[in-house]
Amino acid sequence: MKKLCTIVAILCLWTSAAIAQSYNQITDNDNFNVTDDEFGIAGRNDSVFKKNKKQEIPRGLKVWTIDERFGDRIEAEPDTLHHMYMNSVLNNGVRGEYSSLGNIGSPRLSRIYIDRNPLDFMFIENFDMFLVQPGQFHFTNTMSPITNLSYNTCGSGDTGEDHFKALFAANVNKKLGFGFKFDYIYGKGYYDNSNTSHFNFTTWVSYLGDRYQAHLLFSTNHQKMAENGGIVNDEYITHPESQTTQFRENEIPVMLNQNWNRHDNQHLFFTQRYNVGFNRKVPMTEDEIKARKFAIESARDNAARKATREGEEPAQPEEPVDTSWMKNEYVPVTSFIHTLNTNLYNRIYEAYETPQLDGSLSYYKNAPFYDNRKLTGDSIYDKTKNFYMKNTFAIALLEGFNKYAKAGLKVFAAHELKHYQMPDLTGDFSKYTEHNFSIGGQLQKTLGKTVHYDAVFESFLIGADAGSFSLDASADLNFPLFGDTVTLASKGFIHSLSPSFFFSHYHSKYLWWDNDISNEFHTRIEGLFTYQKTRTTLRVAYDNLSKYTYLSRSYSNDATYGRYNVITNVNQTSENISVLTLQLAQDFTLGPINWENQVTFQKSSNENILPLPDLNVYTNLYLKFRIARVLDVHLGADMRYFTSYTAPDYSPMMNTFAVQDNGAQNVKIGNFPEVNVYANLFLKHARFFVMMSHINYEMGSRNYFQVPYHPLNERIFRFGVSWNFFN
């Protein structure tokens, strides 16, 4: 309670002061003017000094992502947007589309199948809230250095969550930019043995010359998660009145103690290109004109001050010669591209003890596969390593250098090196090394406003994945309709690729397999309709999967002792599985009232192998208004809901999700709305919010699970702030 009162008091004082300051600046323009005497320069009549002596710092931030294969730049929105900021801190996603273990930084799985992104090192694919892949990272170009500090918190010192991020970005000049980011998550956990601790440091450099361009991205991550295996009995949550003993959240019995998953991984991504082309004159952009004018004004003021200090008469200002604001543009015709992607993963599953069940019940179904003399009793120390390096070389004939170049063409060759280590029967390491050589090409049109398309084909010729191939294609058509633009987009792929290496080989103390796994054959076609005037987006997708490979988890259940004979297996089905997805996003505005909705319908042809909820619903109703003309406020409530289904279980030993394989004992979850109320605010360069999440946790069925045996946190007060500094 003391923490809550302190936060509210600080927030109120800071907001009041900031509003007053901003309002004064708006209503009193004379505050921007200073006299010559304030500079200690009496009697000067120079027009330069009659201007505002405090030059406004130019503010501008452009961000982009890059294609992981070719390093092509793709425009993106910065992470400084006010809208929905309060939900960006939640582990279950901005629109509640993820199933999570509850605590911040814990593994999560998208319930929207077409949004899932499987990775070869499967143990990290469920940490996409914290780990950012090179293709999603935002490179920056700033008109002045920018620092962003973000912090959000909830709960007490014993059970709360804290998330701190610091980002700095700057440009040495218009070509060379750099920055770094710190990201720290610490969730103590509202349930026993569920704490998380993640630390990330990332640095980047970009150079955008006319002929030579390069992007460098390096990150290192340390992650630690306590594993509790879920609560012993769901009725502690769903029917607490049926229990002889009443427990608080952190007192509810859980399956595992002194069990952890630890990750240490480093990533280096480097892409470079050399362009061959010609020069031509083109108009400057608005940002470039603004920056140029600022540079001219700064140079004049500096020259005037220098002349004054030396007792000379300042030179009269001259207008720029080029009043049309034109610039030289280098038009590349051909590019030679090299991209290096390197990842080093270390994952440890560590346990100091096995649950002490009844003498006839064993938690693990299998007997130990190896006996490491360094371990005592039931201790576990399963260490898995993966080193990955990929070099891609490409030659590109670029579009747009003349009116006949309607599309760009690239050809490329790539080499992959993959090295794996995991325990052998003696507790030492088994080692596996794979090489792959592939070739491919891309046909792409990105310029213009009406039609765009992109198609990439890659074929693996030599190595462990020889015979595999992938074809990815997308296109969009944009045309005017009733004063706005309609976008019809489509994309799809045909993939014949090997699933994660760890479906074929995985060694640990209680799980062990060496399988002969065939390539998965996966096709998808997806369409997108967008009409901004009515704020409507319709998304339709159809997937077909052959040789689908997945993990399953089985166990027996005892009402007193919980789960026993626990095992996780690899399965590859011989039948075809199809998934139909329909997603509608529709927003409405009536005066200050805003209502935003996203409804997703999914249907899997085999719910036992690929379970999905039929409906996922997100709805957000809020008032949008402004206080004192400077404080933007979104005040409202939102809800996330999904229908009941046999949701994937979570396997601590594999640090990922697995299909339930318990027959009649399979657990269904869902059909419970989770409601948050919030005030989301924006003032000058700061975003901040206050929120009461899961306000309805005591209402209805109390079946607030997104993963079997892992209940969501109860009602929590949350606070967060994100502040930009320009210097």
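The values are calculated or read from the model by the stated rules, or taken from the named source; none is laboratory data. These numbers come from a predicted model, not from an experiment. For neighbour counting, all protein chains shown are included, and Cβ atoms are generated from backbone atoms with ideal geometry for every residue, glycine included. Just the protein is used for accessible areas: all its heavy atoms, side chains included, with ligands, DNA and RNA removed. Shrake-Rupley method; radii C 1.70, N 1.55, O 1.52, S 1.80 Å.
Anything in the range 671-695 that is farther than 18 Å from Asn616 by Cβ and assigned to a loop (DSSP other than H, G, I, E, B)? List them, or say none.
Lys684, His685, Ile695
Identify all residues within the range 413-434 that are open to solvent by less than 30 Å² (accessible area, probe 1.4 Å), under 18 Å from Arg347 (Cβ atoms) and touching a His at 6+ places or on another chain (Cβ under 9 Å); write none if there are none.
Lys418, Tyr420, Met422, Pro423, Ser430, listed by residue number.
Are any residues in the range 523-539 buried (at least 16 other Cβ atoms within 10 Å of the Cβ) and β-branched (Val, Ile, Thr), and if so, which ones?
Thr523, Thr530, Thr537 - these are the residues of the range 523-539 that are buried (at least 16 other Cβ atoms within 10 Å of the Cβ) and β-branched (Val, Ile, Thr).
State whether one or more residues within the range 621-629 are on the phi < 0 side of the Ramachandran plot and without any contact (Cβ under 8 Å) to a residue 24 or more places away in the chain.
Looking for residues that are on the phi < 0 side of the Ramachandran plot and without any contact (Cβ under 8 Å) to a residue 24 or more places away in the chain, one finds at least one in the range 621-629, hence yes.
Six or more apart or on different chains, Cβ atoms under 7 Å: show the pairs whose first residue is in the range 702-719 and free of Cβ contacts under 8 Å to residues at least 40 places away in the same chain and whose second is among the aliphatic types (A, V, I, L, M) and surrounded by fewer than 23 Cβ atoms within 10 Å (Cβ to Cβ).
Filtered contacts from the range 702-719: Arg715/Met692; Arg715/Ile695.
Only residues that are touching a residue at least 24 places away in the same chain (Cβ under 8 Å), of a type outside the set (D, E, K, R) and surrounded by 15 or more Cβ atoms within 10 Å (Cβ to Cβ): list them for the range 587-604, please.
Of everything in the range 587-604, those that are touching a residue at least 24 places away in the same chain (Cβ under 8 Å), of a type outside the set (D, E, K, R) and surrounded by 15 or more Cβ atoms within 10 Å (Cβ to Cβ) turn out to be Asn594, Gln598, Thr600, Gln602, Ser604.
Can you name every residue in the range 633-691 that is more than 30 Å from Ser722 (Cβ to Cβ) and of a type in the set (Lys, Arg)?
Result: Lys668, single match.
Got a number for residues in the range 328-354 being of a type in the set (Phe, Trp, Tyr), within 30 Å of the chain's Cα centre (by Cα) and farther than 25 Å from Met225 by Cβ?
0
Quick one: is Ala214 more than 22 Å from Ile66 (Cα to Cα) and of a type in the set (Gly, Ala, Ser)?
no
Would a scan of the range 476-491 turn up a residue that is of a type outside the set (Lys, Arg), open to solvent by 20 Å² or more (accessible area, probe 1.4 Å) and without any contact (Cβ under 8 Å) to a residue 24 or more places away in the chain?
Yes: the range 476-491 contains one or more residues that are of a type outside the set (Lys, Arg), open to solvent by 20 Å² or more (accessible area, probe 1.4 Å) and without any contact (Cβ under 8 Å) to a residue 24 or more places away in the chain.
Identify, please: which residue in the range 548-559 is in contact (Cβ under 8 Å) with a residue 60 or more places away in the chain and either open to solvent by 20 Å² or more (accessible area, probe 1.4 Å) or touching a Phe, Trp or Tyr at 6+ places or on another chain (Cβ under 6 Å) (or both) and is, among those, farthest from Tyr363 (Cα to Cα)?
Tyr548
crowded, with 19+ Cβ neighbours inside 10 Å and of a type in the set (Lys, Arg) - does that describe any residue in the range 701-708?
Checked against the condition, which is being crowded, with 19+ Cβ neighbours inside 10 Å and of a type in the set (Lys, Arg), the range 701-708 yields no hits at all.
Can you confirm whether Thr581 is assigned to a strand (DSSP E or B), under 17 Å from Phe469 (Cα atoms) and modelled with pLDDT of 95 or more?
For Thr581, the condition - assigned to a strand (DSSP E or B), under 17 Å from Phe469 (Cα atoms) and modelled with pLDDT of 95 or more - is not met.
Given the conditions (1) at pLDDT below 95; (2) more than 23 Å from Met86 (Cβ to Cβ), which single one is not true for Leu631?
It fails just one condition, (2).
Sort out which residues of the range 680-693 are modelled with pLDDT of 95 or more and more than 23 Å from the chain's Cα centre (by Cα), and write them in order of number.
Within the range 680-693, Met692 is the sole residue that qualifies.
Looking only at the range 166-197, which residues are open to solvent by 40 Å² or more (accessible area, probe 1.4 Å), assigned to a strand (DSSP E or B) and either touching a residue at least 60 places away in the same chain (Cβ under 8 Å) or within 16 Å of Met225 (Cβ to Cβ) (or both)?
Result: Tyr184, Tyr186.
For Asn571, indicate whether it is closer than 30 Å to Ala351 by Cβ, out of contact with any helix residue (DSSP H, G or I) (no Cβ under 6 Å at 6 or more places or on another chain) and modelled with pLDDT of 95 or more.
Yes, satisfied.
Which one is modelled with the highest pLDDT, of the residues in the range 156-165 that are open to solvent by 40 Å² or more (accessible area, probe 1.4 Å) and among the small types (Gly, Ala, Ser)?
Per the stated criteria, the residue is Ser156.
Modelled with pLDDT under 85, surrounded by 11 or more Cβ atoms within 10 Å (Cβ to Cβ) and of a type in the set (Asp, Glu): which single residue out of Glu288, Glu312 fits that description?
Glu288
Out of the range 696-727, which residues are under 25 Å from Asn250 (Cα atoms), of a type outside the set (D, E, K, R) and assigned to a loop (DSSP other than H, G, I, E, B)?
The answer is Asn696, Tyr697, Met699, Gly700, Ser701, Asn703, Tyr704, Pro708, Tyr709, Leu712, Asn713.
Is it the case that the range 116-125 has a residue that's within 17 Å of the chain's Cα centre (by Cα) and closer than 28 Å to Arg248 by Cα?
No, the conditions are met nowhere in the range 116-125.
In the range 410-499, which strands (runs of 3 or more DSSP E) lie fully inside it and hold 1 or more residues that are touching a helix residue (DSSP H, G or I) at 6+ places or on another chain (Cβ under 9 Å), at pLDDT 95 or above and of a type in the set (Asp, Glu)?
429-445
Do we find a residue being buried (at least 19 other Cβ atoms within 10 Å of the Cβ) and free of Cβ contacts under 8 Å to residues at least 40 places away in the same chain anywhere in the range 234-255?
Yes, some residue in the range 234-255 is buried (at least 19 other Cβ atoms within 10 Å of the Cβ) and free of Cβ contacts under 8 Å to residues at least 40 places away in the same chain.
Please go through the range 619-668 and pick out each residue that is outside any strand (DSSP E or B) and open to solvent by less than 10 Å² (accessible area, probe 1.4 Å).
Ala647, Pro652, Met654, Asn655
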